[in-house]
Amino acid sequence: IDDSARLKRWVSWLVEVREPQPPQHAVGSPRTWVLKDENDGGMLITLEGKLKEYTPPTRLTITLSSPVYQFDGDQSYQLTDLGNGRTRVDIDAKYHYAQWLANLMEPLVTPSAKKKMVGDLARLKALVESKAEVR
């Protein structure tokens, strides 16, 4: 869940992940995610992030923010071994919008973001089930 090349295989719109070289996984390590918004004519969106929690191989929390869209929040990934080669992925995301217009648009943005996340998880599941290397 924190390998830049593999993230781009299952997170839609993600075109680039910038991180220190060699990659650092310590709390506070920066990440920049560049996404190409397919719903807005291909506009590039840059999200600045820092690892907030990193407990390999089961948990990662990243704090993400966008100065352009004036929001910030945390996105957590929890992996639970279910046995027999099965793993459950739980994602929890909580964001705060600083600008009044973004707050006004939140009822439209959140369902769209959830729909995208469900699609991304379905893509990850298909990759894992096809035995493609996603680990």
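The values are calculated or read from the model by the stated rules, or taken from the named source; none is laboratory data. Everything numeric in this text was worked out from a predicted model, so none of it was measured. Cβ placement follows ideal geometry from the backbone for every residue including glycine, while neighbour counts extend to all protein chains displayed. Surface areas here come from the heavy atoms of the whole protein model, side chains and all, with no ligands, DNA or RNA. Shrake-Rupley method; radii C 1.70, N 1.55, O 1.52, S 1.80 Å.
Structure notes:
- Residues of the stretch 1-14 that turn out to be in contact (Cβ under 8 Å) with a residue 24 or more places away in the chain and not charged (D, E, K, R), as a count: 5
- Count of the stretch 14-28 residues which are assigned to a strand (DSSP E or B) and either surrounded by 14 or more Cβ atoms within 10 Å (Cβ to Cβ) or among the aromatic types (F, W, Y) (or both): 3
- When the criteria are applied in full, A113 fails the requirement of being part of a strand (DSSP E or B), aliphatic (A, V, I, L, M), open to solvent by less than 80 Å² (accessible area, probe 1.4 Å) and within 14 Å of V11 (Cβ to Cβ).
- Residue match in the stretch 36-58 (condition: within 21 Å of L127 (Cα to Cα), open to solvent by less than 40 Å² (accessible area, probe 1.4 Å) and of a type outside the set (G, A, S)): no
- Checking A98 against (1) of a type outside the set (S, T, Y); (2) modelled with pLDDT under 90; (3) closer than 18 Å to E16 by Cα, the condition it does not meet: (3)
- Residues that are of a type outside the set (A, V, I, L, M, F, W, C) and assigned to a loop (DSSP other than H, G, I, E, B) were ranked within the stretch 1-13; the one that is most open to solvent (accessible area, probe 1.4 Å) is D3.
- Taking the numbered list (1) without any contact (Cβ under 8 Å) to a residue 12 or more places away in the chain; (2) β-branched (V, I, T); (3) closer than 23 Å to V128 by Cβ in turn, T110 passes all entries but (3).
- When L79, L127, L108 are screened for being farther than 25 Å from K52 by Cα, of a type in the set (A, V, I, L, M), over 12 Å from the mean Cα position of the chain (by Cα) and surrounded by 10 or more Cβ atoms within 10 Å (Cβ to Cβ), only L127 passes.
- The residues in the stretch 95-121 that are in contact with a helix residue (DSSP H, G or I) (Cβ under 9 Å, 6 or more places away or on another chain) and of a type in the set (A, V, I, L, M) can be counted, and the count is 3.
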